[in-house]
1. For segment 59-177, with all protein chains present and a 1.4 Å probe, just round the carbon and sulfur fraction of the accessible area to a whole percent.
2. Scan around residue 143 for amide H atoms under 5 Å from its own, H built in the peptide plane at 1.01 Å from N, and keep only partners 5 or more places away or cross-chain.
3. Within the chain, how many lysine pairs that are 8 or more places apart, or on different chains, have C-alpha atoms less than 25 Å apart?
4. Can you compute the charge dipole magnitude of segment 126-173 about its Cα centre, using +1 on each Lys and Arg Cβ and -1 on each Asp and Glu Cβ, nothing else charged? Give it in debye, rounded to the nearest 20.
5. Using a 7 Å offset from the Cα along the Cα-to-Cβ direction at both residue 167 and residue 6, what is the distance between the two label points in nm, to one decimal?
6. Over the chain, average the accessible area per residue using a 1.4 Å probe and give it in Å², no decimals.
7. Can you check how the C-alpha radius of gyration of the chain compares to 2.2 N^0.38 Å, as a plain ratio?
8. How big is the gap, in Å, between the Cα center of segment 123-164 and the Cα center of segment 25-67?
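The values are calculated or read from the model by the stated rules, or taken from the named source; none is laboratory data. Just so it is clear, the model here is predicted, and its values are computed rather than measured. Quick reminder, even Gly has a Cβ in these numbers, built from the backbone with ideal geometry, and neighbours come from all protein chains shown. To get the accessible areas, we keep the full protein, side chains included, count just its heavy atoms, and leave off ligands, DNA and RNA. Shrake-Rupley method; radii C 1.70, N 1.55, O 1.52, S 1.80 Å.
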Amino acid sequence: IFAKNLEGRYILTNQEWLRIVDKSAEQALVHTDAEVFPQQAEMICANDRRVIAENRTDSFEERVSTVDGERVYLSIKGPLHDSNDKIIGTFGISSDITEHKRAEEHLAKLSLAIEQSSDSILITNIRSEIEYVNEAFLQATGYAREELLGQNPRLLNSGKTPRENFVAMWEALVGGQAWRGELHNRRKDGSDYVEWAIITPLRQPDGRISHYVAVKENITEKKRLGEELDKHR
């Protein structure tokens, strides 16, 4: 928590602000951002000028250098008024969101990797309703995403998968184990294909299974080549 006058000099700070800049109150007060955050002062001051010019409170993401290293703060800033409603400076409340931003960036990388994977990836809830498919899955099946979301994967069943495969699959999944095996499926255009699938239960931190994740590779051509080789042996 902090407040500054119109010259940008600090006139009030709390203990957490003093901690992250490693200064005493006597050292910090009357200093400007150019002295406290020299590398980020231009960005910080621009945000201060904006709330003063617009005379309204706003929020900003500000990346600043602290005793804990470079951190990202969500700063809520607004104009500071005197008893006559005259603007005399700015106030701010900043929360450290560094770990949240890192988690967001990690999730974005993971999402990009999944979406661009050459393997078909499918996520269902425990009711076997499709919640996510990647682009490779759409290409493999010929369906549009809106045609698949909310549907049961049995939509793709060609009727040629051995029953024992499904029995083994559900025994493994209900028991909280991953299953690996072949699935004989059918595209939207009616053509058949064979996939090697790895289906894994997704557990929440409390151990509860909430979803199933399937990663599948089209092995139709591999199967065909294998059968051709067997014929010529």
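1. Details: 3690 of 7030 Å².
That share works out to 52 percent.
2. Result for residue 143 returns 188.
3. Summing the qualifying lysine pairs gives 18.
4. Working: 5 positive and 7 negative charges, 40 e Å.
It comes to approximately 200 debye.
5. 8.5 nm
6. Working: 14140 Å² over 233 residues.
Value returned for the chain: 61 Å² of accessible area per residue.
7. Numbers: Rg = 29.0 Å, N = 233, 2.2 N^0.38 = 17.5 Å.
Taking the Cα Rg and dividing by 2.2 N^0.38 Å, one obtains 1.66.
8. With segment 123-164 and segment 25-67 each reduced to a Cα centre, they are spaced 51 Å.
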